[in-house]
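The values are calculated or read from the model by the stated rules, or taken from the named source; none is laboratory data. Owing to the predicted nature of the structure, the values given are computational and were not obtained by experimental measurement. Positions of Cβ are backbone-derived with ideal geometry, glycine not excepted, and every protein chain shown enters the neighbour counts. Accessible surface areas use protein heavy atoms only, side chains included; no ligands, DNA or RNA. Shrake-Rupley method; radii C 1.70, N 1.55, O 1.52, S 1.80 Å.
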Amino acid sequence: MKLAVLGGSGRTGRHLIDHALAAGHAVRALVRDPARAPVTHERLEWVQGDARDPAAVLQLLEGCDAVTSALGPTKGAVDVCSVATANVLAAMRARGIKRYVLVSGAGLDAPGDRKDLPGKLISKLVRLISPALVADKERELAALQASDVEWVLVRPPRLVDAPPNGAPRVSTERSLGTKIGRATLADFLLSQVTDARYVRQAPFVSA
Ligand SMILES: NC(=O)c1ccc[n+]([C@@H]2O[C@H](COP(=O)([O-])OP(=O)(O)OC[C@H]3O[C@@H](n4cnc5c(N)ncnc54)[C@H](OP(=O)(O)O)[C@@H]3O)[C@@H](O)[C@H]2O)c1
């Protein structure tokens with residue numbers, strides 16, 4: 001398959017690219033600053049552009065079979081997730097691409113959640129500390145729900161840098177742990193490109 005990747009210069013995104021290449025996929029990855037492109041490979045093409053720019057996202061998706069994203073807000077940006085996802089959804093329609101796998105966070109609430117007390121407290125805390133970032137993630141989920149795309153919105157708790165340690169614990173109701181390694185998260189994201197189990201759902205994943 002040829003995969004489009006957003007956030008490929010980030011700490012989760014670079015694992016996503018490494019794992020996709022190791023699995024034999026071809027990758028087209030968006031990068032704002034080519035100096036931040038972490039790797040080169042014969043099956044990897046870097047496309048320069050900003051995820052806020054619809055034309056850049058449309059160009060990124062050219063010839064791709066699915067879209068993956070480990071995009072996250074950088075300093076001062078409070079709407080990048082919802083803007084990027086609106087651009088991805090429009091570009092997917094234009095390119096006839098069905099599957100979109102992306103990262104959100106365990107603090108986001110979604111229909112069907114049965115969060116335990118710590119999970120509810122974390123949601124409240126995240127909302128108190130970063131209301132604009134939570135609102136951005138909520139707009140992103142609403143856009144996905146309003147689309148006809150096969151999306152999988154993956155909700156991890158705290159991200160840590162640790163070697164992959166097997167399959168994560170997954171639940172569609174609550175987070176089963178308090179952290180996950182970025183490499184393990186990247187593996188799960190990649191698995192969801194071809195797995196139909198969580199399509200149009202927002203599973204929690206944790207170590
Ligand atoms: N940190 C946590 O504990 C935690 C917990 C739960 C969920 N999450 C979520 O997990 C995801 C991945 O986190 P991470 O720590 O791996 O991310 P990260 O290292 O901060 O990487 C973010 C990526 O997004 C890219 N990006 C940001 N704005 C962009 C734009 N306008 N156009 C194109 N690219 C843009 C960055 O590109 P540049 O290299 O150009 O900056 C970078 O590649 C994020 O969505 C985050 O909200 C994080």
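Once the Cβ-Cβ distance of LEU117 and ASP50 is raised to the sixth power relative to R0 = 25 Å, the FRET efficiency obtained is 0.05.
Say R0 is 25 Å: what FRET efficiency, to the nearest 0.05, do GLN201 and ALA77 get from their beta-carbon distance? That pair, GLN201 with ALA77, gives E of 0.40. For GLY10, the shell of other residues with beta-carbons less than 10 Å away shows a net charge of +4, using +1 for Lys and Arg and -1 for Asp and Glu.
Near PRO111, within a Cβ-to-Cβ distance under 14 Å, what is the net charge of the other residues, with Lys and Arg +1 and Asp and Glu -1?
Once positives and negatives cancel, what remains is +1.
Rolling a 1.4 Å probe across all protein chains gives TYR198 an accessible area of roughly 30 Å². Counting only whole DSSP H helices of the chain, the ones at least 15 Å long by C-alpha along their axis and with mean Kyte-Doolittle hydropathy no lower than -1.0 are 80-95, 117-129, 131-146. If a/c stays under 1.5 just call it rounded; otherwise compare a/b with b/c (prolate if a/b is bigger, oblate if not). Do that for the stretch 1-115, with a ≥ b ≥ c from the square roots of the Cα gyration tensor eigenvalues. Cα axes put the stretch 1-115 in the rounded bin. In the chain, helical runs assigned H by DSSP with n ≥ 4 each contribute -39500 (n - 2.57); averaged across all residues and rounded to the nearest 500, the mean residue ellipticity at 222 nm is -11000 deg cm²/dmol. Classify the stretch 125-207 as rounded, prolate or oblate from the Cα gyration tensor: take a ≥ b ≥ c as the square roots of its eigenvalues, call it rounded if a/c is under 1.5, otherwise prolate when a/b beats b/c and oblate if not. Oblate is the answer for the stretch 125-207, as a/c is 1.5 or above yet b/c matches or exceeds a/b. Expressed as a fraction of 2.2 N^0.38 Å, the C-alpha radius of gyration for the chain is 0.94. Heavy atoms of the protein chains alone define the surface here; on that basis the stretch 1-118 has 46 Å² accessible area per residue at 1.4 Å probe size.
Using only the Cα atoms of the stretch 78-188, build the gyration tensor, take square roots of its eigenvalues as a ≥ b ≥ c, and label the shape rounded, prolate or oblate: rounded if a/c is under 1.5, else prolate if a/b is larger than b/c, else oblate. It comes out oblate by the Cα gyration axes. Sparsely packed loop sites in the stretch 95-159 (the trypsin sites (Lys or Arg not before Pro) outside DSSP H, G, I, E and B with at most 15 other Cβ atoms within 10 Å) comprise LYS98, ARG114. Considering only alpha-carbon pairs that sit under 8 angstrom and 6 or more positions apart, the relative contact order computed for the chain is 20 percent. Looking at the chain, the DSSP beta bridges with both ends there are about 10 percent antiparallel.
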